[in-house]
Structure formats: structure tokens, C-alpha cells
Amino acid sequence: MWTNSRTAGASLRILNLLHHCSAQTGWRRGTDGRHRWLCRRMSSSGPPWRLLFFGSDQFAVESLKLLTSSWTSSEGLVESLEVVTLSGNVPVKKFAQENQLPLHSWPPDNVDGRFDVGVVVSFGCLLHETLINKFPHGILNVHPSLLPRWRGPAPIFHTIMHGDTVTGVTIMQIRPHRFDVGPIVNQELYQVPEKCTADELGAALATKGAHLLIDTLTTLSERLAHKRKQSRTGETFAPKICTSMSWIVWEEQTCDNIDCLYRAIGCRIPLRTMWMGETIKLLDFVGKCHITLSDQRRRPAPGSISYQKESNTLAVCCQDGWVGFKTVLLKKRLTAADFYNGYLHYTAERLFVSRKRGTEAQQIRENSTL
């Protein structure tokens with residue numbers, strides 16, 4: 001076919017471009033859902049980014065949702081997106097499969113030269129230094145606290161348990177060998193709503209963290225240039241929630257302490273106490289109770305039980321007042337009225353007893369059941 005010199009030159013430039021692209025190419029899905037084969041650079045100094053996402057639970061899914069939306073849109077922030085997750089049917093794996101995201105098992109292989117940035121959200125595994133160094137811009141972590149406060153696997157639970165009124169989200173760079181110690185790239189405060197549960201706070205911070213991640217990736221090079229080391233002041237650790245935390249010590253804990261404990265872990269682990277040598281699980285917490293006693297001069301012992309017929313509530317005396325529960329679990333689930341009529345009414349033992357801490361081996365056995 002005959003062509004003039006201008007057409008021939010253009011054709012040659014296209015052939016050269018295709019040859020140049022043949023070494024580094026990748027799939028990208030467009031807004032119509034189709035995959036397109038695109039030329040790209042060996043690495044990028046700015047968006048669009050080639051991302052490898054590490055995550056497991058529902059908290060991580062919120063960040064993955066926004067990244068997926070950016071990948072399938074024309075925003076130009078995400079060029080490619082692949083996912084590393086743990087074994088089992090975890091929420092991140094399910095979301096990746098539903099949205100046709102390439103999946104890698106842990107630990108991933110075939111990473112060299114394929115990604116610009118890693119993103120870790122609620123993953124739970126330490127990343128080896130060799131893996132971290134394969135990402136030109138490092139690996140970012142979305143952490144639901146104002147680091148260095150509440151480093152560790154359960155920051156949201158400890159935020160509620162300790163009555164914090166302010167928390168936030170931190171975007172930091174992953175460092176090897178230790179969790180949550182890397183430099184801070186971005187950070188945003190969040191006012192903890194009054195009477196908020198751990199689940200409610202987790203949902204709010206998951207959304208806030210996802211948006212902060214997108215903001216960070218949009219201006220990543222600039223933010224990395226201004227990253228800062230974590231302060232040594234205010235460091236606290238948030239260990240995994242376990243059954244041993246659920247035992248109430250009536251002599252030591254206030255009404256507010258018990259309220260915070262219930263809102264932190266009550267949806268997963270029932271609060272516990274002892275009665276006549278049996279474990280009692282305390283359910284359906286109603287908060288502080290105002291009790292009028294016949295003898296106002298006599299201070300009830302911590303753990304004392306008062307059945308409130310009008311509200312069908314078991315009120316229990318703690319360090320500075322009374323707290324109420326609507327339901328207990330003994331051998332079976334019982335309303336306050338059932339427990340009073342079936343048990344308390346026939347005995348003089350109307351005192352819940354704080355369980356003494358068991359041996360380390362006992363606590364390990366107890367916590368292993370979670």
C-alpha cells in the first residue's frame with residue numbers, strides 16, 4: 001500500500017512506541033468493565049499508581065472499595081490494583097473475587113518491578129524488609145488511631161474501653177520487624193461520639209481512613225517528602241481483646257468503667273462475674289441505675305445485687321454506684337425476673353463476686369477459645 005512520507009513517519013513512531021511498551025505493560029479495566037492493555041513506565045513518581053493491597057477484614061474492605069472505584073473511573077489515581085489476603089473466606093477476598101481483582105496468596109511472589117506502592121489495612125502479618133523494599137514508594141498502612149497512641153491489633157476497642165474522647169486515623173509507612181512504628185505520612189482527628197460502641201466507631205474510622213488514603217495517594221510524593229517520625233511521648237499499646245478482659249472487678253471499677261468496657265467488647269464477649277461458684281454472663285447492659293435503699297446509712301458491698309421489679313433489671317453495686325443488666329446467662333439465658341424468681345428469691349446469697357485472676361496457663365486456655 002502506498003503512503004506518503006508523513007504517514008510513513010507516523011507509522012514508524014507508532015511501531016517504535018509499541019516496541020518500547022512491550023517490556024512493561026499491564027492490564028487496566030475501564031469504566032465499561034473491559035480490560036485494556038496499556039503501556040506504562042517502569043515506575044512512577046506520581047499517579048496513576050500500580051498498587052498491591054494487603055487486607056483481611058471488613059475494616060479493610062472500605063479502603064479497597066474506594067481504591068477499586070478509583071481504578072475503574074477516569075480519575076487517573078490508580079493504574080492497576082491487585083490484592084494479597086489471608087486464607088479462608090475473609091471479607092477482602094470475597095470483595096476481590098466479586099470485583100474481579102487479581103488475588104495473591106500470602107506471602108506474595110512475582111512482585112519485582114510490578115508495583116509502585118503497597119497499601120496495608122488491617123492485615124495482621126509483619127512484612128519482611130525484602131518485600132517492603134520491592135515498592136519504590138514504600139508500603140502505606142491505614143491505622144485507626146492517632147499514633148503513637150494505641151499501637152497494636154485492637155486500637156478501636158481500647159479507644160472505647162479507656163474512654164478516649166478523641167481518636168483519628170493515621171497513614172504511616174510500614175517498617176520491618178515491628179508493627180505501627182513507621183513515620184507518619186498523614187493524620188486526621190475524629191471526635192468519638194458519646195456512648196459510641198466499638199463497632200460504630202470502627203465503621204466510622206473505616207470510612208474516614210479510606211478517604212484519607214485516597215487523599216494521601218493523590219499527593220503522595222509531597223507527603224513522603226514531609227513525613228515525620230512518631231513521637232516517643234504518649235505511646236500506648238492496644239493488645240488483642242481476650243476473655244480475661246471481660247471479668248468485672250466490682251470493688252475497683254466505676255459505673256463509667258463498666259459502661260466503657262461493655263461498649264468496647266460486649267458485642268463480642270459477654271461481661272462476666274461469679275455467683276455461688278458459678279460463672280454468670282451479664283447481658284443487655286442498661287447503664288447507671290439510681291437505687292433507693294431502705295437503710296441509707298449502710299453502704300452496700302461491691303457486687304451486691306438489687307432486683308428492680310418496675311424496670312425488670314438486675315442492679316449491681318460497683319465502686320461508685322449501681323449498674324443494671326436486663327439479662328444473664330447461667331446455664332441458660334434468663335431475664336432479670338427469671339434469675340430473681342428462680343435463684344435469688346430462694347437464697348440469701350445476693351452478691352456477685354469478682355473473680356480472682358487465674359494462673360497464666362488458665363488465662364491462656366481461656367483466651368484461646370476466642
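The values are calculated or read from the model by the stated rules, or taken from the named source; none is laboratory data. The structure displayed is predicted, hence computed values, not measured ones. Reconstructed Cβ throughout: ideal geometry from the backbone, glycine too, with neighbour counts over all protein chains shown.
See the values below:
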| quantity | calculated |
| --- | --- |
| Index of the failed condition, THR207 passing every other in (1) part of a helix (DSSP H, G or I); (2) touching a Ser or Thr at 6+ places or on another chain (Cβ under 6 Å); (3) among the β-branched types (Val, Ile, Thr) | (2) |
| Region 204-228, subset closer than 16 Å to ALA154 by Cβ and among the small types (Gly, Ala, Ser), residue farthest from the chain's Cα centre (by Cα) | GLY209 |
| Total residues in region 314-334, condition surrounded by fewer than 22 Cβ atoms within 10 Å (Cβ to Cβ), touching a residue at least 40 places away in the same chain (Cβ under 8 Å) and more than 11 Å from LYS288 (Cα to Cα) | 6 |
| Residues that are surrounded by fewer than 20 Cβ atoms within 10 Å (Cβ to Cβ) and in contact (Cβ under 8 Å) with a residue 24 or more places away in the chain, drawn from region 112-130 | GLY113, ARG114, GLY124, CYS125, LEU126, HIS128, GLU129 |
| Selection from region 212-250 of residues that are under 30 Å from LEU77 (Cα atoms), touching a residue at least 24 places away in the same chain (Cβ under 8 Å) and small (Gly, Ala, Ser) | SER221 |
| Region 167-193 residues that are under 11 Å from ILE139 (Cα atoms), paired with ones that are modelled with pLDDT of 95 or more and small (Gly, Ala, Ser) (beta carbon under 7 Å, 6 or more apart) | MET172/GLY182; GLN173/GLY138; GLN173/GLY182; ILE174/GLY138; ILE174/GLY182; ARG175/GLY182 |
| Elements of type strands (runs of 3 or more DSSP E) contained in region 279-341, each with 2 or more residues being closer than 16 Å to PHE352 by Cα, among the hydrophobic types (A, V, I, L, M, F, W, C) and at pLDDT 95 or above | 313-317, 322-329 |
| Filter result for the condition that a residue is in contact (Cβ under 8 Å) with a residue 40 or more places away in the chain, surrounded by fewer than 22 Cβ atoms within 10 Å (Cβ to Cβ) and over 18 Å from the mean Cα position of the chain (by Cα), over SER69, SER105, SER74 | SER74 |
| Region 238-252 - residue that is out of contact with any Asp or Glu (no Cβ under 9 Å at 6 or more places or on another chain) and surrounded by fewer than 20 Cβ atoms within 10 Å (Cβ to Cβ) and, of those, farthest from GLY202 (Cα to Cα) | GLU251 |
| Residues being touching a helix residue (DSSP H, G or I) at 6+ places or on another chain (Cβ under 8 Å), part of a loop (DSSP other than H, G, I, E, B) and among the small types (Gly, Ala, Ser) - total across region 113-151 | 3 |
